Amino acid sequence: TKTISKCYVQVTGMTCASCVANIERNLRREDGIHSILVALMAGKAEVRYNPAVIHPSAIAELIRELGFGATVMENCGEGDGILELVVRGMTCASCVHKIESTLMKTNGVLYCSVALATNKAHIKYDPEIIGPRDVIQVIKDLGFTTSLVKKDRSASHLDHKQEIRQWKRSFVVSLVFCIPVMGLMIYMMVMDSQLSDAHAHHNMSDEELEALHSSMALEYQLLPGLSVMNFLSFLLCVPVQIFGGWHFYIQAYKALKHKTANMDVLIVLATSIAFVYSFVILLVAMAEKAKVNPVTFFDTPPMLFVFISLGRWLEHVAKGKTSEALARLISLQATEATIVTLGPDNVLLSEEQVDVELVQRGDIVKVVPGGKFPVDGRVIEGHSMVDESLITGEAMPVTKKPGNTVIAGSINQNGSLLISATHVGADTTLSQIVKLVEEAQTSKAPIQQFADKLSGYFVPCIVAVSVVTLLAWIIIGFVDFEIVEKYFLGYNKSISAAEVIIRFAFQASITVLCIACPCSLGLA
């Protein structure tokens, strides 16, 4: 007897079913190749060959000569079938041992583990030699009842509705409070520019200017040191900080717990510091009964949260669209299959309904008119028209006669067909499409990974820079107070120089933090 080995070849450049047929037809002619099975979506060929005659690298070379890219896959474990079963009727550890030892002796079973507590069995097998129905039969012969672990076909993990809702809420809350804050800010800017114009044209004294400044409605002080502008900004900022920023705080906390710094940390840091600093400086101004209103940063958090929560909301909406398509794809899969036993001359001997997961490679499956194809396969007998629009987008039904391939999930129209299963379970075209889309969703674009990596360094850097700013201004202030005096306008002459310096230094370092956060990197 000659030995037969099996290898997997990754094939790139296949575009349609005719490419698959081309590779299979040409390789079957070669010496030493026993059989070949190509999966289009997975881009994988499973070749059984005689190692005395041909090597995997030569097989890959043959495929390359046909004009496709081909590399031999090292980890051949991918062809193993995995079976999860619920086993009933086990009473003690000896039952477990009995099942495990019997299965391990069975030809084709590679690994088996049975848990008494959960009544579950996890089995790895070689689909070439044995199939799920054989395994179940072995366990039944031992006197236990067994059934498949029901897979959740609803694709609930692909549902983005909750995230879409939460970011939408976050965005709306931030927006509602952000608009008035922006309005106040623009009003102040306009008034300020009018003031400076007035100052330029009529050579007013500083006292008159001061009087004009405080006569503006928004600069009117409700309490000494608390202007209408600052009070309104504070009121509008609190709900945004709590409701708009809630999810950011949670995520930032999680990131810090794992000792990483992502964009959420920076957002939270900048908004919290801007908020806390503004709040504290207001309290100080009120305590001092300051004549000049302090400069606050209450406008930063709402605007930041608006931009970022809008971005997150849009991202989840886009993800949700793909997921919807994916959930529809998953729902196309058939749940049951009719397996038939054929006698000589293709005479039907018996047929039984089984779960799709139990169909084995090489099984003969009967598909009635109007039925879905449960697995990928080749037609053995019968003629029919098949609607394959779900995979190919081709609206016209395709004729199928013996020897043609059929795709799982497509719909048989007018004739009854017998097909031989070639790809089952996770290897069917439909499962592969679902897998590819899932992978595309969970994997990040390379640029996104790069941005995340950068932000890991970016956050500590910004914090460091703002600390340096703080220290630098404190040193400058104590060395040469006039510089601080020049830039720190309208500070209260009654407070000590040291306090002025420290206040100014804080203001500078907070500015650094607040400006660094809504950077293009973070928003993008």
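The values are calculated or read from the model by the stated rules, or taken from the named source; none is laboratory data. Note that the structure is a prediction, hence the values are computed from the model and not measured. No Cβ is skipped: glycine too gets one built from the backbone with ideal geometry, and neighbour counts run over all protein chains shown. Side chains are part of the model used for accessible areas, which takes the heavy atoms of the whole protein and leaves out ligands, DNA and RNA. Shrake-Rupley method; radii C 1.70, N 1.55, O 1.52, S 1.80 Å.
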>> Tally up the residues in the range 273-310 that are of a type in the set (S, T, N, Q) and open to solvent by 40 Å² or more (accessible area, probe 1.4 Å), please.
In response: 0
>> Among the residues in the range 21-44, are any exposed (fewer than 13 other Cβ atoms within 10 Å of the Cβ) and among the small types (Gly, Ala, Ser)?
In response: no
>> Of the residues Lys168, Lys161, only one is in contact with a Phe, Trp or Tyr (Cβ under 6 Å, 6 or more places away or on another chain), open to solvent by 70 Å² or more (accessible area, probe 1.4 Å) and closer than 30 Å to Glu315 by Cβ; which?
In response: Lys168
> Conditions: (1) under 30 Å from Gln137 (Cα atoms); (2) not basic (Lys, Arg); (3) not in a loop (DSSP other than H, G, I, E, B). Ala58 meets all but one. Number of the miss?
Replying inline: (1)
> Name the residues in the range 370-388 that are open to solvent by 50 Å² or more (accessible area, probe 1.4 Å) and either closer than 13 Å to Leu418 by Cβ or of a type in the set (S, T, N, Q) (or both), would you?
Replying inline: Arg378, Ile380, Glu381, His383
> Is the range 187-207 home to any residue that is at pLDDT below 70, open to solvent by less than 40 Å² (accessible area, probe 1.4 Å) and within 30 Å of Gly81 (Cα to Cα)?
Replying inline: no
> Does Ala52 meet the test of being part of a loop (DSSP other than H, G, I, E, B) and either more than 37 Å from the chain's Cα centre (by Cα) or at pLDDT 85 or above (or both)?
Replying inline: yes
> Restricting attention to the range 344-369, which residues are among the acidic types (Asp, Glu) and out of contact with any Leu (no Cβ under 9 Å at 6 or more places or on another chain)?
Replying inline: Asp345, Glu351, Glu352, Asp363
> Gly415: at pLDDT 75 or above and part of a loop (DSSP other than H, G, I, E, B), yes or no?
Replying inline: yes
> Which is crowded, with 16+ Cβ neighbours inside 10 Å and under 20 Å from the mean Cα position of the chain (by Cα), of His247, His258?
Replying inline: His247
>> Return the residues of the range 327-365 that are part of a strand (DSSP E or B) and buried (at least 18 other Cβ atoms within 10 Å of the Cβ); say none if nothing qualifies.
In response: Ala337, Ile339, Val354, Ile364, Val365
> For the range 311-326, what are the residues that are closer than 30 Å to Leu235 by Cβ and open to solvent by 60 Å² or more (accessible area, probe 1.4 Å)?
Replying inline: Leu314
